1. Taking only region 108-140 into account, find how many residues are surrounded by 15 or more Cβ atoms within 10 Å (Cβ to Cβ) and under 30 Å from Arg299 (Cα atoms).
2. Of the residues Lys231, Lys203, which is surrounded by 15 or more Cβ atoms within 10 Å (Cβ to Cβ), among the basic types (Lys, Arg) and within 16 Å of the ligand (Cβ to nearest atom)?
3. Give me the residue from region 259-287 that is among the charged types (D, E, K, R) and open to solvent by 60 Å² or more (accessible area, probe 1.4 Å) and, out of that set, nearest to Thr212 (Cα to Cα).
4. Could you check region 123-147 and list, in sequence order, the residues that are of a type outside the set (A, V, I, L, M, F, W, C) and not in a strand (DSSP E or B)?
5. Can you say whether Ala223 is within 16 Å of the ligand (Cβ to nearest atom) and within 30 Å of Asp60 (Cβ to Cβ), as far as the supplied structure shows?
6. Of the residues Asp288, Asp258, which single one is among the charged types (D, E, K, R), within 16 Å of the ligand (Cβ to nearest atom) and within 26 Å of the chain's Cα centre (by Cα)?
7. Of the residues that sit in region 208-220 and are in a strand (DSSP E or B) and away from the ligand (no atom under 12 Å from the Cβ), which one is most open to solvent (accessible area, probe 1.4 Å)?
8. I'd like to verify a number: residues in region 19-65 that are part of a strand (DSSP E or B), open to solvent by 30 Å² or more (accessible area, probe 1.4 Å) and in contact with a Lys or Arg (Cβ under 7 Å, 6 or more places away or on another chain), how many?
Amino acid sequence: MGYTETIADGTLIGDIPGIRPGTFFRDRQELHDKKLHRGLQRGIAPHGSSIVLSGGYIDDDDMGDVIIYTGEGGRDPNTGRQIADQQLISGNKALAENHLNGIPVRVHRGTAHVPDMPEGFRYRYDGLYRVAQYWQEVGQDGFKIWRFRIEKALILDYAPQPEDSAAGESARIDGPNGNEIPQRRQLTIARIVRSTAVGEWVKRLHGFTCQTCGIQLTTMAGAYAETCHIKPLGRPHNGPDISENILCLCPNCHVLFDELAFWINDDLSIQGLDRFLRVHPQHAISPDVLQYHQRMCGR
Ligand SMILES: [Zn+2]
């Protein structure tokens, strides 16, 4: 049981029926033949439907349920070293799109990532992950690389198909039948909007008015705004949850800022827009975190 979707060119998104996480495979050919990971060379399969952690890249960081994965391109095929900047195209773009659309990614680990790999096997399928975040940074070889924070997927909303319900017939006698169950499986990945005490303080200071576009959303329950951490919380960024790292934004601007659609310059002008960040005398913004976010945007 799980989430599976077939897209136009035959690529399977999500679980492969009959293959459980933790299953071992002999080689890339077997991963390809079982439709787990199409192709024999690339780390990112078409549509970003799956990735293989092979251990060859110095910038990858595998923490188990969280992987900081380095994108593809710009490498010397012989040494594996970065010799040019990576672009947001091909597999890198596919992973970014999976992030925006909440599409899961199958993760496979090679021998270098699996200390107890059984004799005769070289890969393990480790289940569905989600692309939680992506950004640019300068890699260890001095070139810009794309990085992806890939987390063990949490399937929050799973609407079963009729064949999943073995007790379907008898259940209909006692209560409502299954006709109103959606036929389409849904995978919903919640957008986590953190709002701590300091975040609430920032929002109140700005009167729940977006610091980049000036809009104030009003609902029946009152004004609504979101707190946005300029340098993201969590690994590998480890931004602080302090007011100097927080903006009060409307949901639209929050998404655009997190997705690196614009950045804020050191003089607080907003890149790409003919305006400045709205400020409050009690709420200073740290230049360090602004510059960190600028670098994530590839500045
Ligand atoms: Zn806004």
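The values are calculated or read from the model by the stated rules, or taken from the named source; none is laboratory data. As the structure is a computational prediction, the values presented were derived from the model and not from experiment. Note that we place each Cβ from the backbone using ideal geometry, even for glycine, and neighbour counts take in every protein chain shown. The accessibility values were calculated without ligands, DNA or RNA, using every heavy atom of the protein model including side chains. Shrake-Rupley method; radii C 1.70, N 1.55, O 1.52, S 1.80 Å.
1. So the first thing to find is which residues in region 108-140 are surrounded by 15 or more Cβ atoms within 10 Å (Cβ to Cβ), and the list is 108-110, 113-114, 117, 121-137, 139.
Those left that are additionally under 30 Å from Arg299 (Cα atoms): 129-137, 139.
Residues meeting the conditions: 10.
2. Being surrounded by 15 or more Cβ atoms within 10 Å (Cβ to Cβ), among the basic types (Lys, Arg) and within 16 Å of the ligand (Cβ to nearest atom) holds for just one of Lys231, Lys203, which is Lys203.
3. Arg278
4. Residues satisfying the conditions are Gly139, Gln140, Asp141, Gly142.
5. Values: within 16 Å of the ligand (Cβ to nearest atom): yes; within 30 Å of Asp60 (Cβ to Cβ): no.
Spelling it out, it is not the case that Ala223 is within 16 Å of the ligand (Cβ to nearest atom) and within 30 Å of Asp60 (Cβ to Cβ).
6. Numbers: Asp288 fails: within 16 Å of the ligand (Cβ to nearest atom).
Just a single option satisfies the conditions, and that option is Asp258.
7. If we filter region 208-220 for residues that are in a strand (DSSP E or B), which is where we start, we get 209, 216-219.
Now restrict to residues that are away from the ligand (no atom under 12 Å from the Cβ): 218-219.
Values: Thr218: 108, Thr219: 72 Å².
In this case the residue turns out to be Thr218.
8. Qualifying residue count for the region: 1.
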